[in-house]
Amino acid sequence: MAIADKSATTDGKTPGPGLRPDFPILERRINDRRLVYLDNAASSQKPESVLQALDGFYRHHNANVHRGIHTLSQEATDLYEGARAKVAAFVGARQASQIIWTRGTTESINLVAHSWGRKFLQPGDEILTTELEHHSNIVPWQFLAKATGSVLKYVPVPEHDTLLGADDFARMFTPRTRLVALTQMSNVVGTVLPVKEIAEIAHQHGAVVLVDGAQSVPHMPVDVVDLDVDFMAFSAHKMLGPTGVGALYGRMELLRTMDPYQGGGDMIATVSMEKSTWNAVPHKFEAGTPYISGPIGLGSAVDYLAALGMENVQAHEREITEYALESLGKIPRLTLYGPRDPLSRGAVIAFNVEDVHPHDIGQVLDSQGVAVRAGHHCAQPLMRVLGVGSTVRASFYVYNSRDDVDALVDAIATAKGYFSD
Ligand code: 7TS
């Protein structure tokens, strides 16, 4: 039987409400309203083609990978490694083996902190990050600094527009800077950082560059070779794929020198009772039976996104962001955070309404069928910069439309009605 490698069903389609029928969950009604899903920065919805890839794997090809000589195991291995090649191509990696499967962005960053950081950092070495980061790109470096005696420094973020340029990084380098760990796009205020320029400066200073691509890889064209970064971390579930899987892209020279992340099956070449030797990259970093269907689902998701075209995805999101900033900006006593220029940001918009708690706004929005997130968005240092404890956040994706922005604005009006006295 042919391997069920469902290719995308997006041929000829463009981002926008026309994609809604591809996403079965968007047919749900929430509180008797059309579901307006604006929590995409937390997790995206999944198209039918991804659901079929997951189901098809278990239904027709399920077996362990890299082991059996039987047909099913070979099919499972082909699908699993085929997905690695698709994801590598999607981010512009030269070789499939530069993609390591992880549980997601968080684990990808922890892998680098553990396997590269603990091996190569010395007391007094410096790690540079920013005040914009998700906790996943802060806490692993705090662990690493503690374990190695290295020092964690933050590029300060201006409160008024949260924009960071290459100069803001340039002035932070010292002869001890070994690593720059930065997000390509903020998950709270949408700020996009000039990663290519920053990587160039970092390399002039001999530092390694890790990019948190959790919010960029799903939403804009990303080419790791053009950006010339050393590591790129991202998660499947934010880009139409399943939860529990993601990837780390790495520069091959670095991956070869790094220590394994975990010990166990699949990551070894030989094991004696005294010692072991390691398998080749990427398997050296993938101990144990992996989440096989997860990467296969992600492979199907990148088929879908590649068929749409990431330039088109980005253009669509810019248009919605512009419209949303304009519409929300007209609401009295609503504070918007982050850059005002849609070209400097992605489709993530944080805001607060008067002195109403963001959770209260979120609850009224849910009663109107509008799903947003409220809270600190795992970015407490950024909340401190903005001078707030939490915000409401609306975040958009390929299936959203201007109608969704209008529904958000109407629901905010309803919420204001409840809470104004
Ligand atoms: N980095 C950024 C920029 C993120 O937005 C997230 C998740 C992560 C790292 C961690 O990704 P994970 O897949 O390993 O959890 N961001 C969010 C969010 O904004 N709301 O929920 C999860």
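The values are calculated or read from the model by the stated rules, or taken from the named source; none is laboratory data. Remember, predicted model here, so these are calculated numbers, not experimental data. All Cβ positions, glycine included, derive from the backbone under ideal geometry; neighbour counts span all protein chains shown. The area values use the complete protein model at the heavy-atom level, side chains included, leaving out ligands, DNA and RNA. Shrake-Rupley method; radii C 1.70, N 1.55, O 1.52, S 1.80 Å.
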**From the options Ser293, Ser272, Ser276, residue that is in the same structural domain as Glu253 (by TED's automatic domain parsing) and open to solvent by less than 20 Å² (accessible area, probe 1.4 Å)** = Ser293
**Message:** Which condition from (1) open to solvent by 10 Å² or more (accessible area, probe 1.4 Å); (2) not in a loop (DSSP other than H, G, I, E, B) is the one that Arg94 breaks?
**Reply:** (2)
**Prompt:** Exactly one of (1) of a type outside the set (Gly, Ala, Ser); (2) within 16 Å of the ligand (Cβ to nearest atom); (3) in the same structural domain as Met258 (by TED's automatic domain parsing); (4) open to solvent by 30 Å² or more (accessible area, probe 1.4 Å) is unmet by Glu81. Its number?
**Reply:** (2)
**Request:** Tally the residues that are within 21 Å of Arg67 (Cα to Cα), of a type in the set (A, V, I, L, M) and not in a strand (DSSP E or B), restricting the search to region 255-270.
**Result:** 1
**Complete:** Glu131 vs (1) free of Cβ contacts under 8 Å to residues at least 60 places away in the same chain; (2) open to solvent by 40 Å² or more (accessible area, probe 1.4 Å); (3) over 15 Å from His114 (Cα atoms); (4) not hydroxyl-bearing (Ser, Thr, Tyr): all pass except (1)
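On the basis of being in a strand (DSSP E or B) and surrounded by 23 or more Cβ atoms within 10 Å (Cβ to Cβ), does Leu240 make the cut?
Numbers: in a strand (DSSP E or B): no; surrounded by 23 or more Cβ atoms within 10 Å (Cβ to Cβ): yes.
Spelling it out, it is not the case that Leu240 is in a strand (DSSP E or B) and surrounded by 23 or more Cβ atoms within 10 Å (Cβ to Cβ).
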**Message:** Here is a list: Val245, Val229, Val271. Which entry is hydrophobic (A, V, I, L, M, F, W, C), farther than 22 Å from Gly338 by Cβ and away from the ligand (no atom under 16 Å from the Cβ)?
**Reply:** Val271
**Item:** The lone exception for Val157 - which of (1) within 15 Å of the ligand (Cβ to nearest atom); (2) outside any loop (DSSP other than H, G, I, E, B); (3) surrounded by fewer than 24 Cβ atoms within 10 Å (Cβ to Cβ) it fails
**Value:** (2)
**Request:** Would you point out the residue of region 387-405, among those that are open to solvent by 10 Å² or more (accessible area, probe 1.4 Å) and in contact with a Phe, Trp or Tyr (Cβ under 9 Å, 6 or more places away or on another chain), that is farthest from the ligand (Cβ to nearest atom)?
**Result:** Arg402
**Prompt:** buried (at least 20 other Cβ atoms within 10 Å of the Cβ) and more than 16 Å from the ligand (Cβ to nearest atom): does that describe Ala89?
**Reply:** no
**Request:** Considering each of Gly265, Gly250, Gly241 in turn, give the residue that is in contact (Cβ under 8 Å) with a residue 60 or more places away in the chain and farther than 20 Å from Arg178 by Cα.
**Result:** Gly241
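Which members of region 97-115 meet the condition of being assigned to a helix (DSSP H, G or I) and either more than 13 Å from the ligand (Cβ to nearest atom) or hydrophobic (A, V, I, L, M, F, W, C) (or both)? Steps first, please.
Step one: of region 97-115, the residues assigned to a helix (DSSP H, G or I) are 97-98, 105-115.
Listed by number, the residues that qualify are Ser97, Gln98, Ile109, Leu111, Val112, Ala113, His114, Ser115.
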